[in-house]
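Input: a single structure, listed below in structure tokens.
Read-outs throughout are calculated quantities, based only on the coordinates presented, and are distinct from any laboratory measurement. The structure presented is a predicted model; accordingly, all values stated were derived computationally and were not measured. Counting neighbours? That spans all protein chains shown, and the Cβs are built from the backbone with ideal geometry, glycine included.
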Amino acid sequence: MKVVSLFSGAGGLDLGFLQAGHTIVWANDLYSDAVETYRNNIGNHIVEDDIHNIASETIPDCDIVIGGFPCQGFSVANTKRTVADRRNELYKQMIRVIKDKQPLFFLAENVKGLLNLAKGSVIKIITEDFTAIGYKVKYQLLNAADYGVPQLRQRVIIVGVREDINFDYVFSQKQYNENGTDGVKRWVSVKDALQNLPDPDKPNALTNHEYSKYKIMVSKYLGHRLIDGDKPAPTVTARGDERGGVVVLHHYNNQRRMSCRELATIQSFPLDFTFSGTRSSVYRQIANAVPPILAYTVAKGFNTYKGTKNA
């Protein structure tokens with residue numbers, strides 16, 4: 001199906017949809033480095049601009065609108081999050097595009113914190129807003145580790161089916177769990193994912209294989225936690241801003257930080273996916289992305305639809 005992608009970032013969600021057999025006809029983001037990364041790896045169909053400035057009629061018709069609307073205002077890592085945070089309003093731009101384009105389906109992604117913000121009232125408001133424009137809405141909290149991503153990353157997936165479409169989107173069953181019981185595989189560990197990558201301090205051919213020299217400390221705080229190589233990584237975060245560095249996980253040897261390439265691998269990006277910008281920018285692009293493996297899993301949920309396409 002034809003897909004329009006909003007808040008595309010470096011393209012993790014889009015890559016999963018492409019791998020599931022769909023076509024991205026148009027994408028948008030305003031982060032220049034991420035747009036360059038997207039163009040170099042996925043295609044030139046991405047428009048660099050604030051979505052507020054883009055008229056719906058300039059966006060192609062499509063079957064699905066997807067988007068991980070900016071989550072900083074919702075994230076559990078943001079202790080000052082409130083309903084009034086203006087970044088929380090960006091989902092309304094997604095609603096505007098969906099209302100105007102009337103795709104068969106939409107899929108939105110956001111952080112776990114969305115479910116408990118304002119004691120659950122925010123997810124209720126969001127669901128009601130999508131329902132009001134003519135969509136049957138369901139959502140589920142998924143852990144990326146349950147689908148083969150070497151990271152304990154919980155994300156809310158919101159799916160909408162246009163009211164006149166006879167289709168029931170079904171969330172995928174878990175394919176992995178902590179111990180490999182109940183007929184599924186064991187979670188992919190950090191060591192499983194990284195052990196065959198070359199040492200970034202030695203000559204190698206990998207792109208983006210450099211790491212922050214910020215000193216290693218051990219504490220309970222984000223970015224200072226010891227990494228157990230036999231388990232999936234904690235959630236990769238983009239905490240930080242353009243003026244400073246980002247919080248980067250330890251390598252599983254706990255003697256240095258992960259390189260950008262290693263962090264991208266923990267996010268399930270393929271080794272040939274290259275990132276543009278400074279090291280801090282690359283870390284941030286990776287951390288803000290939807291893991292492509294998780295994106296592929298949710299994208300496949302639309303593949304059973306056999307009805308008429310929108311465009």
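Okay, here's what the table says:
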| quantity | calculated |
| --- | --- |
| Estimated [θ] at 222 nm from DSSP helical runs (n ≥ 4, -39500 (n - 2.57)) normalised by residues in the chain, nearest 500 | -6500 deg cm²/dmol |
| Neighbour-count order for Glu89, Glu57, fewest beta carbons within 10 angstrom listed first | Glu57, Glu89 |
| Cα-only Debye scattering, the stretch 141-272: base-10 log of I(q)/I(0) at q = 0.16, 0.18 Å⁻¹ | -0.87, -1.03 |
| Loop chymotrypsin sites (Phe, Trp or Tyr not before Pro), the stretch 116-167 (other Cβ atoms within 10 Å of the site Cβ: 16 or fewer; DSSP) | Phe167 |
| DSSP bridge orientation in the chain - percent antiparallel, rounded to nearest 5 | 50 |
| Rg [Å, one decimal], Dmax [Å, integer] - the stretch 196-301, C-alpha atoms | 13.7, 43 |
| Of Lys92/Lys136; Lys138/Lys185; Lys2/Lys300; Lys119/Lys220, those spanning more than 19 Å from alpha-carbon to alpha-carbon | Lys138/Lys185; Lys119/Lys220 |
| Calculated FRET value between Asn116 and Ala205, using beta carbons and R₀ = 51 Å, to 0.05 | 0.70 |
| Size of the stretch 157-213 as Cα extents on the principal axes (Å, biggest first) | 57, 31, 20 |
| Sorted by Cβ density within 10 Å, fewest first, the residues Glu262, Glu128 | Glu128, Glu262 |
| Cα centroid separation - the stretch 260-311 against the stretch 15-41, whole Å | 9 |
| Cβ-based exposure ranking for Ile286, Ile158, Ile54, Ile126, in which fewest neighbours within 10 Å come first | Ile54, Ile158, Ile126, Ile286 |
